[in-house]
1. Is one or more of the residues making up region 150-162 closer than 25 Å to ALA336 by Cα, of a type in the set (Lys, Arg) and part of a loop (DSSP other than H, G, I, E, B)?
2. In the list HIS221, HIS202, which residue meets the criterion of being touching a strand residue (DSSP E or B) at 6+ places or on another chain (Cβ under 6 Å) and either outside the structural domain of SER275 (by the TED database) or within 27 Å of VAL341 (Cα to Cα) (or both)?
3. Could you please let me know if PHE287 is modelled with pLDDT under 90, of a type outside the set (S, T, N, Q) and open to solvent by 50 Å² or more (accessible area, probe 1.4 Å)?
4. In the list PHE279, PHE287, PHE314, which residue meets the criterion of being in contact with a strand residue (DSSP E or B) (Cβ under 9 Å, 6 or more places away or on another chain), aromatic (Phe, Trp, Tyr) and assigned to a helix (DSSP H, G or I)?
5. Which one of VAL87, VAL196 is open to solvent by less than 90 Å² (accessible area, probe 1.4 Å), in the same structural domain as VAL238 (by the TED database) and either touching a strand residue (DSSP E or B) at 6+ places or on another chain (Cβ under 9 Å) or hydrophobic (A, V, I, L, M, F, W, C) (or both)?
6. Can you spot a residue in region 305-323 that is among the hydrophobic types (A, V, I, L, M, F, W, C), open to solvent by less than 50 Å² (accessible area, probe 1.4 Å) and over 18 Å from VAL248 (Cα atoms)?
7. Inside region 216-258, can you point out the residues that are in a strand (DSSP E or B) and open to solvent by less than 10 Å² (accessible area, probe 1.4 Å)?
8. So, in region 331-354, of the ones that are touching an Asp or Glu at 6+ places or on another chain (Cβ under 7 Å) and either in a loop (DSSP other than H, G, I, E, B) or not small (Gly, Ala, Ser) (or both), which residue ends up most open to solvent (accessible area, probe 1.4 Å)?
Amino acid sequence: YRNFIGKGLRCLLDVPNTEVNRNAHHGSGRFCSQSSQPLGEKIPSLQISSVGQIPHHFPAWNVQIIRSFHTSPSLQAAPVPLFWIIVKPAQKLFAIILGRSIRKWWKALPPNKRELFKESARKNKWKILLGVSSLGVVFVMFYFTHLEETPITGRARLMVFGKEHFRELSQMEYDMWMELFKSQMLPETDAGYKVVETIVGHLSESNKDVPQVSALKWVIHVVDEPAVNAFVLPNGQVFVFTGLLDAVSDIHQLSFILGHEIAHAVLEHAAEKASLVHFLDFLSLIFLTMIWAICPRDSLAVVGQWIQSKLQEFMFDRPYSRTLEAEADKVGLQFAAKACVDVRASSVFWQQMELAEAIEGQPKMPEWLSTHPSHENRAEHLDRLIPEALKIRESCNCPSLSGPDPRLIFRLNMQRLLELAEGREAPNSTKQDPSKPKLDFPHT
């Protein structure tokens with residue numbers, strides 16, 4: 001959201017949207033829900049290189065400015081109910097005022113009264129300890145009484161807010177995105193729109209045995225914007241940018257990415273992230289009050305508050321976001337496998353993104369600074385999941401995969417590019433440098 005707002009995008013006219021027709025009936029409980037045709041027969045394949053042939057350009061890096069692919073924008077990843085959005089700053093302000101008042105009150109006390117309070121605290125230390133422990137028990141009980149299982153994966157998670165809390169906010173967010181991009185919405189007759197519509201429809205039809213998939217109405221929006229991005233709101237509104245359509249090499253990569261975003265909505269990651277943020281913010285109010293009460297000066301309290309917020313961000317918020325992204329990758333890969341997609345192409349996309357950033361010269365950010373796993377780790381994680389996904393695909397009676405592994409194609413293309421680059425450098429030097437490093441892709 002911050003990235004798009006900063007571009008000053010124009011908002012001029014509305015374009016109507018179309019819902020993807022789905023079968024609303026739940027499946028019979030089987031793991032697979034078969035479609036009438038496999039993906040390859042329903043959607044014309046986009047261009048993909050064959051072994052031994054080097055394409056004139058690679059779609060993943062033929063853009064002037066390469067942008068990192070970040071799914072699930074910040075507002076969608078952690079949307080708290082509107083009430084808490086308003087109350088949160090007031091809570092922090094109250095904690096600061098309370099802590100500062102306690103510090104001033106303590107400083108204003110005469111030395112003899114301070115000693116009396118210290119002596120009283122020593123005498124009643126067990127009562128104080130009991131009170132603090134009781135407060136801790138309340139938080140622990142609240143946490144464990146609000147745990148539930150994640151759909152499909154069965155992971156235990158904290159859920160303070162339910163889906164009903166997000167219906168109004170999802171609609172508000174949808175209205176915001178539509179107002180922001182209304183001049184850039186592609187019509188339903190556009191080829192890119194039809195590809196996205198067909199893929200989403202095929203994914204939802206193939207996974208209709210999952211109740212959470214059947215319960216949502218998937219509405220397609222394709223935005224004419226060069227950002228390599230896509231996201232799905234909790235209410236099933238699918239937004240895909242044309243930059244992503246240019247970045248993928250084939251429909252299999254695009255199907256996996258859309259499956260990943262659909263998984264975010266199905267797994268209710270928005271409500272889960274909001275619940276964690278709310279719980280941690282409530283706990284942080286206690287520490288915030290203590291910081292402003294203990295620090296002798298306001299400047300030190302401000303520094304302490306900043307340190308506390310950064311510790312919470314890097315120890316809890318960002319690692320948790322990366323966990324949710326990895327889970328969405330796993331479930332999205334399962335969705336794609338049940339739709340008869342070539343799941344082997346999933347890791348190739350992230351290798352392409354990694355290579356694109358390297359060619360562009362973008363600095364490699366440490367994973368712990370990001371809310372998303374690094375491209376390299378993401379590709380490796382998917383490579384470990386692909387064997388299981390292939391078994392799911394086989395159990396769904398999908399057509400056998402023909403042709404070589406796309407991961408092998410990518411690696412051969414990279415080797416060919418390296419040979420061509422070395423061939424261009426050969427006339428300028430009589431001898432090759434034996435110490436020159438070669439490209440190596442351990443995940444393939």
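The values are calculated or read from the model by the stated rules, or taken from the named source; none is laboratory data. Note that the coordinates shown come from a computational prediction; the quantities given were computed from them, not determined experimentally. Glycine also receives a Cβ, built like all others from the backbone with ideal geometry; neighbour counts cover every protein chain displayed. Just the protein is used for accessible areas: all its heavy atoms, side chains included, with ligands, DNA and RNA removed. Shrake-Rupley method; radii C 1.70, N 1.55, O 1.52, S 1.80 Å.
1. Yes - at least one qualifying residue is present in region 150-162.
2. On the way: HIS202 fails: touching a strand residue (DSSP E or B) at 6+ places or on another chain (Cβ under 6 Å).
HIS221 is the lone residue from the list that is touching a strand residue (DSSP E or B) at 6+ places or on another chain (Cβ under 6 Å) and either outside the structural domain of SER275 (by the TED database) or within 27 Å of VAL341 (Cα to Cα) (or both).
3. Considered against the rule, which asks whether it is modelled with pLDDT under 90, of a type outside the set (S, T, N, Q) and open to solvent by 50 Å² or more (accessible area, probe 1.4 Å), PHE287 comes out as no.
4. None of the others qualify; the one that does is PHE279.
5. VAL196
6. No, region 305-323 contains no residue that is among the hydrophobic types (A, V, I, L, M, F, W, C), open to solvent by less than 50 Å² (accessible area, probe 1.4 Å) and over 18 Å from VAL248 (Cα atoms).
7. ILE220, HIS221, VAL222, VAL223, ALA230, PHE231, VAL232, VAL238, PHE239, VAL240, PHE241
8. The extreme case among them is GLU354.
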